[in-house]
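Report on one structure; see the data block that follows.
Derivation of every value follows stated rules applied to the coordinates shown; laboratory data play no part. In this text the structure is predicted, and so the values were computed from the model without any measurement. All Cβ positions, glycine included, derive from the backbone under ideal geometry; neighbour counts span all protein chains shown.
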Ligand code: GLU
């Protein structure tokens, strides 16, 4: 039997903090305990926010923590063709449509819906897509795309759900409400998610499932802030006929006010802590691993 394959998948849009340290160290520990491999994936599809110096800092900070990973490192910005191919597959199944509303227009539509009652929000608290682009006739779509209007390509969620049965995943960690074991996935809670944009041929959701499959990932170990998004990942895996990894969502490290850590602050950034003389062994203690 081939060994299990784990991955740590940071985005180089800031410096790593204690939350990343917990994730990276847990991946390394679980890989070691199971005789598995550890891969590093640089999630750099957001070209506006990702920077080479942050990527260099990721290698530096992880090496300082004592982590070892395989080379070459998988960088998402080198795999646009894979994401485009997956998108084309979903398009051929009739599951993708372009929407043209700006963020401001979406905000106005949501406000109008909310004035009439409750408008649903996704598990991250963002309102579901309120627009009517799905019913736009093809000629109009083509014309607007041809005129160079910005657009987002969305998954037609009801149509996608009609193609799959009940979706579940095996969870060995826990969700925000303590969910563990065999989890019933609820992708409908996310509405018609964005799969790509005019200038970016993939979203996080699409890239993560395509890459987990391409890299042969068997075990996804990541923060519980991504627990509910796993439902979208299971749906995309099923539609694209990709294998299903095991999932282990771990607790988040919170700041003194109980909020999720943002990229690099004085008290929790790995670079800052290191500059203050904190050792890797102390980092392990700080994230509650010893
Ligand atoms: N790139 C994501 C992050 O830095 C992690 C994605 C994942 O592990 O699926 O939060």
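Observations, loosely collected:
- Cα→Cβ-extended label distance, 7 Å offset, between residue 111 and residue 64, nm: 4.5 nm
- The C-alpha atoms of region 61-107 occupy a region whose extents along the principal axes are 46, 31, 14 Å, arranged from largest to smallest.
- Placing pseudo-labels 7 Å out from each Cα toward the beta carbon at residue 104 and residue 197 gives an inter-label distance of 1.6 nm.
- Beta bridges per DSSP with both ends in region 168-290, % antiparallel, nearest 5: 45 percent
- Computed from Cα positions, the angle between helix 80-92 and the longest principal axis of the chain comes to roughly 40 degrees.
- Extension gain from residue 166 to residue 136, taking 0.36 nm per residue of separation minus the Cα-Cα distance: 7.8 nm
- For region 144-271: rounded, prolate or oblate by the Cα gyration tensor [a/c cutoff 1.5]: oblate
- Near-label residues of region 71-98 by backbone N, under 12 Å of a point 7 Å along Cα→Cβ of residue 159: 90-98
- For the chain, the longest principal axis of the Cα atoms and the long axis of helix 204-214 meet at an angle of about 60 degrees.
- Nearest-0.05 FRET efficiency for residue 267 and residue 91, computed from C-beta distance (R0 35 Å): 0.15
- The calculated FRET efficiency for the pair residue 274 and residue 80, based on their C-beta separation and a Förster distance of 45 Å, comes to about 0.85.
- Mean separation of Cα pairs under 8 Å and 6 or more residues apart, divided by the residue count, gives region 101-217 a relative contact order of 24 percent.
- Theoretical gain in end-to-end length, residue 215 to residue 1 [0.36 nm per residue, Cα-Cα removed]: 75.4 nm
- For the chain, a/c is not less than 1.5, where a ≥ b ≥ c are the root eigenvalues of the C-alpha gyration tensor, and a/b tops b/c. That puts it in the prolate class.
- With Cα atoms, 0 to 90° folded angle of helix 18-33 axis to the chain main axis: 70 degrees
- Rounded, prolate or oblate (a/c below 1.5 giving rounded, otherwise prolate when a/b exceeds b/c) for region 1-101 by Cα gyration tensor: oblate
- Relative to the current alpha-carbon distance between residue 255 and residue 32, full extension at 0.36 nm per residue lengthens the span by 77.4 nm.
- Counting only DSSP beta bridges whose two residues both lie in the chain, roughly 50 percent are antiparallel.
- Per-residue [θ]222 nm for the chain (sum of -39500 (n - 2.57) over DSSP H runs n ≥ 4, rounded to 500): -11000 deg cm²/dmol
- Ranked by how many other beta carbons lie within 10 Å on average, peptides 234-240, 16-22, 221-227 from highest: 16-22, 234-240, 221-227
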